[in-house]
Amino acid sequence: MTHTVAPPPEHPASAGPVRLLSGWARTHQPTDWAAHSATYGPPPIPRRTRGQGDERLIGLVDQAGLRGRGGAAFPTARKLAEVRSGRGRAVVLANGCEGDPGSNKDHALLTLAPHLVIDGILLAAHAVGAGETMLCVHRGDPLVHSLRAAIAQRPNEPLLPTVVEVPARYVSSADTALVNFLTNGTAKPTQKSPRPSQRGVRGRPTLVDNVETLAHIALIARYGPEWFRTCGTATSPGSTLITVGGAVRLPGVYEIELGVPLGHPLRLAGGPARPLQAVLIGGMGGRWLPMPAAHELPLTEEDCRAAGGRMGIAAITALPAGACGLHTTARALRYLAEESAGQCGPCMFGLPAIADDMTDLATGDAAPEDLARLRRRLGVIPGRGACAHPDAAVSLAATALDVFADDLHAHLSGDPCPPGSAFPLALPRHRPDASHP
Ligand SMILES: Cc1cc2nc3c(=O)[nH]c(=O)nc-3n(C[C@H](O)[C@H](O)[C@H](O)COP(=O)(O)O)c2cc1C
Ligand code: SF4
């Protein structure tokens, strides 16, 4: 593995590192193949080890401490090693679906730096000894065309990914849903074991990694783990793309160092457009945290967990004072209920029930015993679906009851917020031009 290429220059106007978006920072253009290869050269894959797997590359990713950027912060090297040691020729699936409507970071990355992701796919395929690679995006996404064009710009490389269009539903981008779709055509999640890394697409060991995770692998393979660790914290090293939405002046996708306080990306996004009462962290399936208390919260998975949140996918939505957190949450729960794959009882019946309960609390149609029933429901749903979808909805609802406790008491005392005070959480899609490195 060579580390001789100079790391990309950092963006002078940025208060933090710009790694994944350095091409965009320099030129404000998506990086095409000519610009990408001039900056980075070819992905450092030694020819003689093709097809065998590469322990050395997995070791570099391990030393870098890279954790997945698709929501669960799973150690990437551990998954690579598991796939490499699986039975049968492995498959690599790059997850570029970005099903959460509160997140835009994968769309920005795939638009602005597609070749970094493709390099990451090729390197991951080399690391696990894969015989096939795919890049999954939602059906109908304009990225389908731009990614196919990017892949066509480098025709002589082996193992280039096939772009696969997946049904554009929230849960169809869960790893097991992708595996099912590619195996039997049904884009629905299934039980958590065996994991795709053990038994995935057509029974083969399958690496499902978020596209941002793969792009970080492309940089680690070139510049090494020590370079990767020059930003971030000891347990959450590196940078991450983050979507900042809601009541900020410059909503968009930014690159930040892991561990910076939550106020930092809010500042990058121009600061609050109005006084803030709370932030939703982790996208539509995320958790509420109160402001200003959350302002100094370090943005790592472990710090967010300690504060009762989850970093999940890095997406924050700033809720302004005056918007109703309960109405906003009720609307998000309705969306999540409608996106259930409808195959596990607690998810299929439980999510509409908690969406109804939250709507009643929001509109002032609930009594204290209804609140008690909602709390009971929130206690019995988690862990009972085949995937994590219902657990995310429960966390969203439970944190809303805590963070908007004052509103809750007002609503229960006959003083609800007016209809129309819900704040929109979903972003307009496919807006990489709104990215501000
Ligand atoms: C309902 C649901 C939806 C998901 N949607 C996405 C998604 O859109 N993109 C993504 O990368 N991971 C998504 N995930 C997580 C994937 O299952 C998987 O953990 C991830 O792609 C692994 O990548 P990483 O290890 O690089 O983070 C979702 C999980 C669930 C349960
Ligand atoms: S928990 Fe919900 S979304 Fe997940 S598999 Fe079951 S029904 Fe589908």
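Quick notes
- Qualifying residue in the stretch 260-282 (condition: closer than 26 Å to C344 by Cα and within 16 Å of ligand 2 (Cβ to nearest atom)): no
- Which numbered condition L276 misses (of (1) surrounded by 20 or more Cβ atoms within 10 Å (Cβ to Cβ); (2) farther than 19 Å from F74 by Cβ; (3) touching a Phe, Trp or Tyr at 6+ places or on another chain (Cβ under 9 Å)): (3)
- Failed item, numbered, when R377 is tested on (1) away from ligand 2 (no atom under 16 Å from the Cβ); (2) of a type outside the set (A, V, I, L, M, F, W, C); (3) assigned to a helix (DSSP H, G or I): (1)
- Of the helices (runs of 4 or more DSSP H) entirely within the stretch 19-94, those holding at least 3 residues that are at pLDDT 90 or above and over 30 Å from H389 (Cα atoms) occupy 33-40, 55-64.
- In the condition set (1) modelled with pLDDT of 95 or more; (2) surrounded by fewer than 18 Cβ atoms within 10 Å (Cβ to Cβ); (3) within 11 Å of ligand 1 (Cβ to nearest atom), K192 is compliant with all but (1).
- Of the residues screened, P275 is not one that is touching a Gly at 6+ places or on another chain (Cβ under 6 Å) and over 24 Å from K192 (Cβ atoms).
- Residue in the stretch 202-217 that is surrounded by the fewest Cβ atoms within 10 Å (Cβ to Cβ), counting only those that are within 13 Å of ligand 1 (Cβ to nearest atom) and in a helix (DSSP H, G or I): T213
- Tally, over the stretch 169-185, of residues that are free of Cβ contacts under 8 Å to residues at least 60 places away in the same chain and either touching a strand residue (DSSP E or B) at 6+ places or on another chain (Cβ under 9 Å) or surrounded by 22 or more Cβ atoms within 10 Å (Cβ to Cβ) (or both): 1
- Options E255, E212; residue that is acidic (D, E), touching a Pro at 6+ places or on another chain (Cβ under 8 Å) and within 24 Å of V279 (Cα to Cα): E255
- Residue within the stretch 414-429 that is part of a helix (DSSP H, G or I) and more than 19 Å from the chain's Cα centre (by Cα) present: no
- Just one of the listed residues (T213, T240, T206) is touching a helix residue (DSSP H, G or I) at 6+ places or on another chain (Cβ under 8 Å), away from ligand 2 (no atom under 16 Å from the Cβ) and outside the structural domain of L80 (by TED's automatic domain parsing), and it is T240.
- Only residues that are surrounded by 20 or more Cβ atoms within 10 Å (Cβ to Cβ) and without any contact (Cβ under 8 Å) to a residue 40 or more places away in the chain were counted across the stretch 53-80, and they come to 1.
- The residues listed here are P158, P225, P196, P189; of these, the one that is away from ligand 2 (no atom under 16 Å from the Cβ), in the same structural domain as L110 (by TED's automatic domain parsing) and assigned to a loop (DSSP other than H, G, I, E, B) is P158.
The values are calculated or read from the model by the stated rules, or taken from the named source; none is laboratory data. Just so it is clear, the structure is predicted and the values come from calculations on it, not from any experiment. Using ideal geometry, Cβ is built from the backbone for each residue, glycine included, and neighbour counts are taken over all protein chains shown.
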